[in-house]
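Q: A single structure is presented below for examination.
What follows draws every value from the coordinates through simple rules; no lab data is involved. These numbers come from a predicted model, not from an experiment. In this analysis, Cβ positions are derived from the backbone assuming ideal geometry, glycine residues included, and neighbour counts consider all displayed protein chains.
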Amino acid sequence: MKIKKAIIPVAGKGTRFLPATKTIPKEMIPLINVPMIFYVVEEAVKAGIEEIVFITSKGKEAIEHFFQKNTELEEFLADKGKQDLLGSYNSISDKIVIKTVEQTEQLGLGHAVLQAESFIEPGESFAVLLGDDLVLSDSPVTAQLAKISSENNGCSVIGVMEVPNKDTKKYGIVKGEFLKDKKTLVMDSMVEKPSPEVAPTNLATPGRYILNSQIFNCLKEIPRGAGGEYQLTDAINLLCQKEKVFAHIFEGDRFDTGNPRAYLAATLEFALRNKDFKDDMIEIIKETSQRHGIQL
Ligand code: G1P
């Protein structure tokens with residue numbers, strides 16, 4: 001069965017990006033001139049997703065507005081002969097239906113995903129994408145995971161990557177038995193942000209999941225977990241005890257944008273990957289370092 005819906009939680013307060021996030025949703029902070037959330041939605045659309053449910057909160061309205069048509073702006077640009085300026089960033093809204101549901105209490109990622117239950121049919125599988133990590137790949141990660149799910153009766157598949165041992169405490173970590181391909185595992189368990197001493201593996205999810213509707217029952221059963229929050233990881237761990245759940249080491253280049261240092265690195269990376277900015281960026285780095293007497 002084709003996976004048509006994606007849940008994208010965007011309700012977080014973005015405290016690591018204060019003071020900007022006092023008035024701007026963190027997801028709208030751009031990498032150069034493109035809001036970070038665009039890349040997440042683009043990944044979903046490229047994977048064939050037709051409907052996106054944003055789990056949002058007060059003050060995050062700019063995110064849905066970004067994906068709506070702005071006729072006034074289009075007319076203004078057309079008058080000036082500059083309609084190309086919006087380019088593909090505008091047309092993406094023709095390819096998807098966007099819905100929003102407000103998470104009125106900040107009780108964790110598991111609680112956020114549960115808010116979208118009424119948008120998913122019983123027995124339906126759907127994608128969840130978190131916005132702190134961007135993954136660039138010829139085949140979108142969501143599509144890579146969806147393929148495994150479709151080949152296995154719509155089962156849940158967690159996208160994972162290898163991380164240095166010291167970083168296990170930042171992620172949901174999976175444990176399981178590898179299949180012959182050495183990339184896909186049948187999962188035994190999943191644990192939220194274990195310290196390196198107790199982490200079962202170094203296979204971490206950057207927030208890419210295909211889940212089936214059984215997850216909602218698990219989300220209702222779990223108690224509060226790490227940080228006193230309802231953790232999606234704990235619900236997936238429970239799902240592993242009830243049915244087959246896969247994890248898959250995806251192909252792709254992943255960029256963390258979740259904190260200011262990582263965001264700086266991602267900005268540089270995206271500039272160097274963009275033909276319109278690459279040469280300027282190299283020149284700016286050279287000139288600025290020279291001016292500061294820094295030898296690179
Ligand atoms: C969340 C999830 C965690 C996942 C991470 C990816 O944590 O709970 O399992 O690995 O996103 O970014 P957060 O970073 O929101 O604390």
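Q: What Kirkwood hydrodynamic radius do you get for the range 232-296 when you take the inverse of the mean 1/r over all pairs of distinct Cα atoms, in Å? Don't jump to the answer; show the numbers that get you there.
A: Numbers: mean 1/r = 0.0643 Å⁻¹.
Evaluated on the range 232-296, it is 15.6 Å.
Q: Ok, one more. Restrict the search to the range 100-141; then list the GluC sites (Glu not before Pro) that DSSP places in a loop and that have at most 14 other Cβ atoms within 10 Å of their Cβ.
A: Listed in order of number, the matching sites are E105.
Q: Once you have the Kirkwood Rh of the chain from its Cα pairs, apply Stokes-Einstein at 25 °C and 0.890 mPa s and quote D in µm²/s.
A: Working: Rh = 20.3 Å.
Translational D for this selection: 121 µm²/s.
Q: If you don't mind, another one. Go through the range 212-296 and name the GluC sites (Glu not before Pro) that are in a DSSP coil and have 15 or fewer other Cβ atoms within 10 Å of their Cβ. All intermediate terms of the calculation are to be shown ahead of the outcome.
A: Values: sites: E221, E229, E243, E251, E269, E283, E287; in loops: E229, E243, E251.
The qualifying sites are E243, E251.
Q: In the range 47-89, which trypsin sites (Lys or Arg not before Pro) fall in coil by DSSP and have 16 or fewer other Cβ atoms within 10 Å?
A: K58, K69, K80, K82
Q: Let me ask you something else. What distance in nm separates the simple spin-label points at E283 and K220, each placed 7 Å from Cα in the Cβ direction?
A: Taking the two extended label points, one gets 6.1 nm.
Q: Kindly write out, for the range 69-79 in residue order, the coupling ³J(HN,Hα) from the Karplus curve 6.51 cos²θ - 1.76 cosθ + 1.60 (θ = phi - 60°), rounded to whole Hz, with x marking Gly and Pro.
A: For the range 69-79, the Karplus curve yields 5, 10, 4, 4, 5, 4, 5, 4, 5, 4, 4 Hz.
Q: Collect residues whose amide H, placed 1.01 Å from N in the peptide plane, falls under 5 Å from the amide H of K99; neighbours closer than 5 in sequence don't count.
A: The answer is I52, V53, F54.
Q: How much length, in nm to one decimal, is gained on full extension between K69 and S139, taken as 0.36 nm per residue of separation minus their Cα-Cα distance?
A: 22.5 nm
Q: Where both residues lie in the chain, what percent of DSSP beta bridges are antiparallel, nearest 5?
A: On the way: 27 of 45 bridges.
Restricted to the chain, the bridges split so that about 60 percent are antiparallel.
Q: Here's a follow-up. Hey, what angle do you get for helix 141-151 against the long axis of the chain, alpha-carbon based, 0 to 90 degrees rounded to 10?
A: With both axes taken from Cα atoms, the answer is about 30 degrees.
Q: Let me ask another. Averaging the inverse of every distinct alpha carbon separation and then flipping it gives the Kirkwood radius. What is it for the range 126-273, in angstrom units?
A: About 15.7 Å for the range 126-273.
Q: Take the alpha carbon atoms of the range 165-224, find their center, do the same for the range 8-62, and report the distance between the two centers in whole angstrom.
A: Rounded to whole Å, the Cα centres lie 24 Å apart.
Q: If you take the alpha carbon radius of gyration of the range 19-147 and divide it by 2.2 N^0.38 Å, what ratio comes out, to two decimals? All intermediate terms of the calculation are to be shown ahead of the outcome.
A: Values: Rg = 15.8 Å, N = 129, 2.2 N^0.38 = 13.9 Å.
So the Cα radius of gyration is 1.14 times the expected 2.2 N^0.38 Å.
Q: Along the Cα→Cβ direction, 7 angstrom out, place labels at F119 and T104. What is the inter-label distance in nm?
A: About 1.9 nm separates the two model spin labels.
Q: A further question on this structure: Pull up the cross-link candidates among the lysines for K193, meaning alpha carbon to alpha carbon under 25 Å and not fewer than 8 places away within one chain.
A: Once the sequence-local lysines are set aside, what remains near K193 is K13, K26, K166, K169, K170, K175, K182, K183, K220, K242, K244.
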